[in-house]
Amino acid sequence: MSIILDHVNYVYGGDTALAVHALKDINLVIPDGQFIGLIGHTGSGKSTLVQHLNGLLKPTEGSIYYNGEDIHASDYDKKKLRSKVGLVFQYPEHQLFEIDVFSDVCFGPKNLGLSRKETELRAYAALKQVGLQDEYFYQSPFDLSGGQKRRVAIAGVLAMKPDVLILDEPTAGLDPRGRDEILDQIAKLKEETGITVILVSHSMEDVAKYVERIIVMNRGSVMYDGAPKEVFAHYRELEEVGLAAPQVTYIMRALRESGMPVAADATTIGEARDEILKALGKE
Amino acid sequence: MLRDITLGQYYQTDSVIHKLDPRVKLVATICFIVSLFVVKSWVGYVVAAVFLAVMIKLSNVPFKYMVKGMKAIVFILLITVVFNLFLTPGETLVSVWRLRITKEGLQLAVMMAVRLSFLIVGSSVMTLTTTPNSLTDGMEKLMKPLKIFKVPVHEVAMMMSIALRFIPILLEETDKIMKAQIARGADFESGNLVRKAKAMVPLLVPLFISAFRRANDLAMAMEARCYRGGEHRTKMKPLKYAARDRAAYGVLAAYFALCILIRIYL
Amino acid sequence: MGIIRTEKLVFEYIRRDEEGNVEGITRAVDEVDLDVKQGDFVAILGHNGSGKSTLAKHINAILYPTEGAVWVDGMDTQDESRLWDIRQEAGMVFQNPDNQIIGQVVEEDVGFGPENMGVPTEEIWARVEESLKAVGMYEYRKYSPNKLSGGQKQRVSIAGVIAMHPKCIILDEPTAMLDPNGRKEVVRAVRALNDVEGITIVLITHYMEEIIHANRVFVMDQGRIAMQGTPREIFSQVERLKELRLDVPQVTLLAYELKKSGVDLPDGILTAEELVRALTQVYHGQNDINVITDPGTEEPPRRDRSDVFGLGGNL
């Protein structure tokens, strides 16, 4: 059970001189149950890449396999794929349209042709998973706050019970608390259900705390792919392409260079604190 | 997908036609369209064709590019031809089952096809060589006299130019919302007309909401930048006639006069 | 009197249900007193819904106070005869870059404000040129705004405001929809306007890294000013900021965590250099090695990229 990308290339703008090579020879294996951060700045191809994973875009060259089957084979059921690989777009609250929250979340399962009962059960479960209180269920989605709307939109995808959940910049435009709440909720969801989660972001600091694997995209290619510590070790190269490792990475390097015996590969505040305390003999 | 529509979109190049004042091009386009209905003889159409061909040549826009834009209206053209061909009474040429093709019908069909395609190519010469912005500027200035009749000329022009600015943004947004709904299992393609219309709701509701939000934001941003209608406003790029524009008016007048003469004497 | 002043400013709006009946009244801004001096760089922080944007819209006379008053350069915003003077002097940049660009070409958009003010044609061109140069967007003057990145669009919006020759600029979450590179671009442009042109800046944001260079910070919560002070004073109160749904830069947070665990560090550390220097002092002090005579030797490497270094690339 996995997603495999085999030599995937994507060119848009077709035959004109304006053709853009958005993805260049992408080879990736995404096994079940991983928590992945997909990092890159605007225009690096990360959004294009995730739209390939659920078949919204078709590679110009190369193939994509989901559970061993080519998703662009003529007899492949794309609709089913989209329910298994759930994609939450950037600013997903812009896709809400129903008169109340609950009906909106029902939209996905209803499209799958499920019974009314099953649809409602799933919608209810999904809204619980994103931590929305019952009192909001029958309100218009447009009366909710920004963070709540976003939860509803995420629930709309969760209600299809995907095996893989992809979130494109789920924290864009939220305030710091709103951001932490959404990310914590996603981490909790990941822990409880064990589904694969791909978090698309341009912030290393946001994802470092949560993910086990980081894929860095730059100009349509995969630049780094590995555990956060391995990836952040290349902080100088990352900086050159306009990305930066978390601030703590820099601090730990500087401390080490000025003679403190700390491990320089700490990526989160907690790790950094423990390292420094150990060096100062306070532990 | 939706972004591929190229009918009459501005084509960037350098030419005499590009440099003309938008007012000249607007007036010329109107004159040309009127001339198509003034002339009734084949000689007249030849003159119009020559005039149009010269303009296309001068505009430096590849003819292929123009024809590509025509594809969108082939359907309308066909319907017109078919209707005229079969539904005009007169001297029967061919008769198949209950349909008759008459001599008059054939003549009319050809004439309509010529008129329609000239009309479209003629106006696309204008839109291909004029930025939407200068086009609205030209319209605003040409229609200024209508202000006496309380026509909100400036406001209409401003609305048009804002609409033009937001069309690409809204198209992109449509694309995005469509994809987002497809990702939630929506199906915009299959089913009969009623089902298809129903399937549009999840697309149209968010799109309208977004358009209203944008309109609201934009109005606020415009007010914050001291926008208060057309009064007291100066122009960054005011329209001024140059010698070439006067010459163009001369050519246009000559062409139009010729058309009228053809109508009277031939 | 400062360039922007509010006195007991209150703004209430009426919530209505679907039939238009009054459901209740929400107080979005609650007795706010603000005094901004000419040339200041003021930051207003607050979580979403704290009332900071509503406050900002009063300065540009888009909203009017329910109670209290707002003065811009001595003009009462409720004095309708001065409306256009106020809007010219207090320019405003909004959050969504797409929804505030009117022109279809960059230079035409920048000229929009001066056109509205009735500036003569030649002067419009001069102003457009100077404003686009001030934000580093002059080479893009012939571009369509749709072809620009988010950060570039926001810089064009800023240029559009500068072309009106304002005395102060209010930026209402100009970076909320941008990626880190775009945010850096915009903040850099704003700082330059303040430093070089001396334009008063009111920056509204919820990104803490952006306010480090402000000389005064106001934190809003539930329509009120909950905290105010220099960035250092604000950042030294980590607990209080967390209560207000905000966070602090990673450096400050790490310093705070270390202090909590008993490491002797000064309050309100803002940059990575400060933290590294303080920590090495503690460390070497413990190990009786006296090397802290010249702080220059303690500077971390790569000083030339100090902005990136200090802010961890987030600004």
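The values are calculated or read from the model by the stated rules, or taken from the named source; none is laboratory data. Just so you know, these numbers come straight off a predicted model, no measurement behind them. Glycine also receives a Cβ, built like all others from the backbone with ideal geometry; neighbour counts cover every protein chain displayed. Ligands, DNA and RNA are stripped out before the accessible areas are found, and what is left, the full protein with its side chains, is counted by its heavy atoms. Shrake-Rupley method; radii C 1.70, N 1.55, O 1.52, S 1.80 Å.
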* Structure fact -> Selection from the stretch A:9-62 of residues among the β-branched types (Val, Ile, Thr), without any contact (Cβ under 8 Å) to a residue 12 or more places away in the chain and either surrounded by 20 or more Cβ atoms within 10 Å (Cβ to Cβ) or within 14 Å of chain C (Cβ to nearest Cβ) (or both) yields A:VAL20
* To do: Mind listing just one residue for me: the one in the stretch C:54-71 that is among the small types (Gly, Ala, Ser) and within 22 Å of the chain's Cα centre (by Cα) and, of those, farthest from C:MET164 (Cα to Cα)?
  => C:ALA56
* All positions within the stretch A:183-205 that are more than 14 Å from chain C (Cβ to nearest Cβ) and either farther than 26 Å from A:GLY45 by Cα or in a helix (DSSP H, G or I) (or both) -> A:GLN185, A:ILE186, A:ALA187, A:LYS188, A:LEU189, A:LYS190, A:GLU191, A:GLU192, A:THR193, A:GLY194
* Asked: Which of the following residues is without any contact (Cβ under 8 Å) to a residue 12 or more places away in the chain, within 12 Å of chain B (Cβ to nearest Cβ) and not charged (D, E, K, R): A:GLY86, A:GLY113?
  -> A:GLY113
* Structure fact -> Checked A:THR249, A:THR171, A:THR267 against criteria (within 15 Å of the chain's Cα centre (by Cα) and buried (at least 19 other Cβ atoms within 10 Å of the Cβ)); the one match is A:THR171
* Structure fact -> By my count, helices (runs of 4 or more DSSP H) wholly in the stretch B:140-233 with at least 3 residues that are in contact with a Pro (Cβ under 8 Å, 6 or more places away or on another chain) are B:153-183
* Structure fact -> Of the candidates C:VAL93, C:VAL110, C:VAL70, the one satisfying the condition of being out of contact with any strand residue (DSSP E or B) (no Cβ under 8 Å at 6 or more places or on another chain) and β-branched (Val, Ile, Thr) is C:VAL110
* Structure fact -> Across the stretch A:163-194, the tally of residues that are among the basic types (Lys, Arg) and farther than 30 Å from C:VAL219 by Cβ stands at 1
* Single residue of the stretch C:86-99 satisfying the filter (more than 7 Å from every other protein chain (Cβ to nearest Cβ) and crowded, with 24+ Cβ neighbours inside 10 Å) that is nearest to B:TYR10 (Cα to Cα) -> C:PRO97
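Results for (1) of a type in the set (A, V, I, L, M, F, W, C); (2) surrounded by fewer than 15 Cβ atoms within 10 Å (Cβ to Cβ); (3) closer than 24 Å to C:GLN154 by Cα; (4) touching a residue at least 60 places away in the same chain (Cβ under 8 Å), shown as yes or no for each residue.
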site	(1), (2), (3), (4)
C:ARG5	no, no, no, yes
C:LYS37	no, yes, no, yes
C:HIS47	no, no, yes, yes
C:ILE62	yes, no, yes, no
C:VAL70	yes, no, no, yes
* Could you tell me whether A:TYR138 is in a helix (DSSP H, G or I) and open to solvent by 50 Å² or more (accessible area, probe 1.4 Å)? => no
* Asked: Counting only residues that are open to solvent by less than 30 Å² (accessible area, probe 1.4 Å) and at pLDDT 85 or above, how many does the stretch B:163-172 have?
  -> 2
* Asked: Do you know which of the residues in the stretch A:141-168 that are within 14 Å of chain C (Cβ to nearest Cβ) and open to solvent by less than 20 Å² (accessible area, probe 1.4 Å) is farthest from C:LEU244 (Cα to Cα)?
  -> A:ASP168
* Residue by residue through the stretch C:140-153, note down the ones that are in a helix (DSSP H, G or I) and either within 12 Å of C:VAL105 (Cα to Cα) or outside the structural domain of C:GLN104 (by TED's automatic domain parsing) (or both). => C:TYR140, C:PRO145, C:ASN146, C:LYS147, C:LYS153
* Asked: Wholly within the stretch C:232-315, which helices (runs of 4 or more DSSP H) include no fewer than the required count, namely at least 3 residues that are within 23 Å of the chain's Cα centre (by Cα) and at pLDDT below 85?
  -> C:306-311
* Asked: Of all residues in the stretch B:173-213, how many are surrounded by 13 or more Cβ atoms within 10 Å (Cβ to Cβ), more than 11 Å from chain A (Cβ to nearest Cβ) and free of Cβ contacts under 8 Å to residues at least 60 places away in the same chain?
  -> 3
* Which of the residues belonging to the stretch C:175-190 are under 23 Å from A:GLU240 (Cα atoms) and under 12 Å from the mean Cα position of the chain (by Cα)? -> C:THR175, C:ARG183, C:VAL186, C:VAL187, C:ARG188, C:ALA189
* Structure fact -> Matching residues in the stretch A:270-283 (surrounded by 22 or more Cβ atoms within 10 Å (Cβ to Cβ) and small (Gly, Ala, Ser)) number 1
* Asked: If you take the residues of the stretch A:198-240 that are among the acidic types (Asp, Glu) and in contact with a strand residue (DSSP E or B) (Cβ under 9 Å, 6 or more places away or on another chain), which of them is least open to solvent (accessible area, probe 1.4 Å)?
  -> A:ASP206
* Across the stretch C:100-128, what is the total count of residues that are of a type outside the set (A, V, I, L, M), touching a Lys or Arg at 6+ places or on another chain (Cβ under 8 Å) and more than 7 Å from chain B (Cβ to nearest Cβ)? -> 3
* Asked: Has the stretch A:240-262 got any residue that is in contact with a Pro (Cβ under 6 Å, 6 or more places away or on another chain), of a type outside the set (D, E, K, R) and part of a helix (DSSP H, G or I)?
  -> yes
* Asked: Is it fair to say A:VAL262 is free of Cβ contacts under 8 Å to residues at least 40 places away in the same chain and among the β-branched types (Val, Ile, Thr)?
  -> yes
* Asked: Only one of (1) out of contact with any helix residue (DSSP H, G or I) (no Cβ under 7 Å at 6 or more places or on another chain); (2) crowded, with 19+ Cβ neighbours inside 10 Å is not met by B:ASN84, so which one is it?
  -> (1)
* **Filtered residues of the stretch B:136-157 (kept if crowded, with 19+ Cβ neighbours inside 10 Å and within 17 Å of C:PHE112 (Cα to Cα))** => B:THR136, B:ASP137, B:GLU140, B:ALA157
* **Total residues in the stretch B:81-106, condition in a strand (DSSP E or B) and among the charged types (D, E, K, R)** => 1
* **Condition broken by C:VAL187, with the remaining ones in (1) crowded, with 24+ Cβ neighbours inside 10 Å; (2) at pLDDT below 85 satisfied** => (2)
* Structure fact -> Scanning the stretch A:234-252 for residues that are farther than 20 Å from A:ARG273 by Cβ and touching a helix residue (DSSP H, G or I) at 6+ places or on another chain (Cβ under 9 Å) gives A:LEU238, A:GLU239, A:GLY242, A:LEU243, A:ALA244
* Asked: Which residues, taken from the stretch A:120-135, are more than 14 Å from chain B (Cβ to nearest Cβ) and part of a helix (DSSP H, G or I)?
  -> A:GLU120, A:LEU121, A:TYR124, A:ALA125, A:LEU127, A:LYS128, A:GLN129, A:ASP134, A:GLU135
